[in-house]
Amino acid sequence: MNNEYILSGNAGLEGIQWVINGQSSRRLLRREVQSMLRQGYRAGPFHLTRAKFKPGRKLSAYFTFPVLDAVGQARHSVHLAVTWQKTLDGTNHADGRDQLQEEANQSGLMPVQRELWRDIPDQGIKLQIWPFDPEFPQLVRLGNPSYVAGMFASLGITHDPKQMPVITPIRYRPGERHVLRYEIGSPEAVPGRGQRLYAKLYANAQDAARAFGVANRVVDWLVANNQGLQGNRPEAMSQGDGVIFYPHAPGTPLSHQLHRSPRWLAAQLNVIGRVLATLHNGPESLQSDLKQNTFTREVKVVKRASEHIQVLLPETHAKILEILDKLEQNYSSLPQEKPTFTHSDFKSDHLLSTPQGLTLIDFDTCTLTDPALDIGKFLADLEWWFTLQGISGIEEAQSQLLKGYLGDGEPDHTVYERLARARLFYILILMKIVIRRVPLYQKEWAAKTAWMIERAAQALHETVEV
C-alpha cells in the first residue's frame, strides 16, 4: 500500500494501523531513527503514546524510546514525532532548521543524537526529535539548563546556583504544544529537597501574558471564596520566551480515585459542584482577556475532529452528524443567558485530591461562553472514566455534582435553564471525548468508538423525550 492511498482513507482502519504498528513500517522507522543517533548507541523499544489522522492530509504518531549504550544500558530517553504526508511541507523552515539543530547541539541537548530532524521525501515521512520544533524555536533554549538557570535568577525563582536544573520533556507535540518539567535544587539558605516546576510554552508572548493573567485572577477568586478547592497559581512568566512556570501541585487526579467509596466521592463532587457555581458567578474581572466561544463553534470542532471517522467508520460518522444536527436544533430552542467565565476544560484530570482538599489546574482554555459548557463537560468526563474503568453508579455521581452546583437554597429559573442546556453540552462533549480519546492505534478503536457514539445517541433520545 502506498502512502497516498492510505492517507486518503481508502485503505481503511487496517491501512492506518499498518502504517503505525506494522512490522515493515516499524522497521523502516527504526532504521531511519537509528541512523540519526551517534555511533555506539542504539534505539530501544518504541512506545507509541498518541496518533492522529487527518484524511487526505497527514497521519501523525508520537513515540518515546530509550537509547542504549554498547552494553545495553539505557542512557537517554528520546521523544519522537513522526508525520506521514503526501507532500512534505517543511520547506518554509528549511533555512532555520539546521541553525536550530546547531543551537541544540551547542547547548548540549544532543548527547546521543546526530540529527534532530529528517525528511524522507520518497516515503513522505518527516521525523522530529525533542527539542526540535521550528514553530516553537524557544523550546531549544528552554531545554538548556544554563539558559534556564539564568532565567530563573532574573525571575527571582529560588534555586541553588551550583546545581543546574534537570529538564524533562513531558509533552512534545511539534507545532502544537510543549510541557517541560524542571527539577531545581534548594540554595543552602533554604533547607529542603528542592522543587519541581512545570513550563508551558505558548506560540507568542501575547498568549502567554493573557494566560498568566487569567490564571492569577481565577486563583485569587478561589482564595477569596474558600470552599475546599484551591487553584494552582503560576510561579512566574517569561513573556519574551512565551512560557509560564507552574509549581508542582501535589495530589492525585480525581480520575484515578473514582473507584473509592461512594460517600467519599459524593463529598468531593459536592465540593466541585459548589466551586464551579462560584466560578460561574464570579466578578466581571474574571472575564477580562477571555476569548469567546459558542455552542455552534463547539459543534464545528466536533465535526472537524471527526473527519477521520467519516472515512474509517462512515455509518458512525453519519450518526454523529445526525446527533449534532439535533443538538443544534434543541439548543437554539432553549432559553439563553449572557455568557460568563468558564474554565472550558473542567474535568477530573484537572482536579487533584489531597488530604487538605482539592486543587484545580490548567487555566489555558478559559473562555467567555455559556456556563453550561463546564457542567456538561464534567458530566461527560465522568461518564467516560466510569465506562473506561468499569465502575457502576455514574448517574449517582453526576447527580452529586449537580446537587453541589445547585447549593442549599432555591435556585432561580435561570439555573434550571442552564442545566437543561448542560444536558446538551454533555452529549456534545461526550462525542468529542470519544473522538479524541479512544486511541486510533488500538484494535478496539472501531468497536469502542461506535459503541460510545451510540451511547450519545441514546442520551439525546432520553433528553428529547424528557
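In segment 192-246, the qualifying residues are those that are among the charged types (D, E, K, R) and not in a helix (DSSP H, G or I), and the one that is nearest to A277 (Cα to Cα) is R233.
The criterion of at least 1 residues that are open to solvent by 60 Å² or more (accessible area, probe 1.4 Å) and basic (K, R) is met by the following strands (runs of 3 or more DSSP E) wholly inside segment 66-155: 74-85. In segment 29-43, of all residues being surrounded by 15 or more Cβ atoms within 10 Å (Cβ to Cβ) and under 14 Å from Q123 (Cβ atoms), the one that is farthest from the chain's Cα centre (by Cα) corresponds to E32.
Within segment 342-356, residues that are in contact (Cβ under 8 Å) with a residue 12 or more places away in the chain and farther than 20 Å from N293 by Cβ sit with their Cβ atoms under 6 Å from residues that are open to solvent by 30 Å² or more (accessible area, probe 1.4 Å) and assigned to a loop (DSSP other than H, G, I, E, B), at 6+ positions apart or across chains, in these pairs: L352/G251; S353/G251; T354/P250; T354/G251.
For segment 406-416, check the following and say yes or no: at least one residue is in contact (Cβ under 8 Å) with a residue 60 or more places away in the chain, open to solvent by 10 Å² or more (accessible area, probe 1.4 Å) and either under 21 Å from the mean Cα position of the chain (by Cα) or under 22 Å from S332 (Cα atoms) (or both). Yes, there is a match, as at least one residue in segment 406-416 is in contact (Cβ under 8 Å) with a residue 60 or more places away in the chain, open to solvent by 10 Å² or more (accessible area, probe 1.4 Å) and either under 21 Å from the mean Cα position of the chain (by Cα) or under 22 Å from S332 (Cα atoms) (or both).
In the set (1) touching a Pro at 6+ places or on another chain (Cβ under 8 Å); (2) closer than 30 Å to F53 by Cα; (3) among the acidic types (D, E); (4) open to solvent by 10 Å² or more (accessible area, probe 1.4 Å), D160 fails one condition alone, (2).
The values are calculated or read from the model by the stated rules, or taken from the named source; none is laboratory data. Owing to the predicted nature of the structure, the values given are computational and were not obtained by experimental measurement. Cβ sites come from the backbone with ideal geometry, for glycine too, and all protein chains shown count toward neighbours. Ligands, DNA and RNA are excluded from the accessible area calculation, which covers all protein heavy atoms including side chains. Shrake-Rupley method; radii C 1.70, N 1.55, O 1.52, S 1.80 Å.
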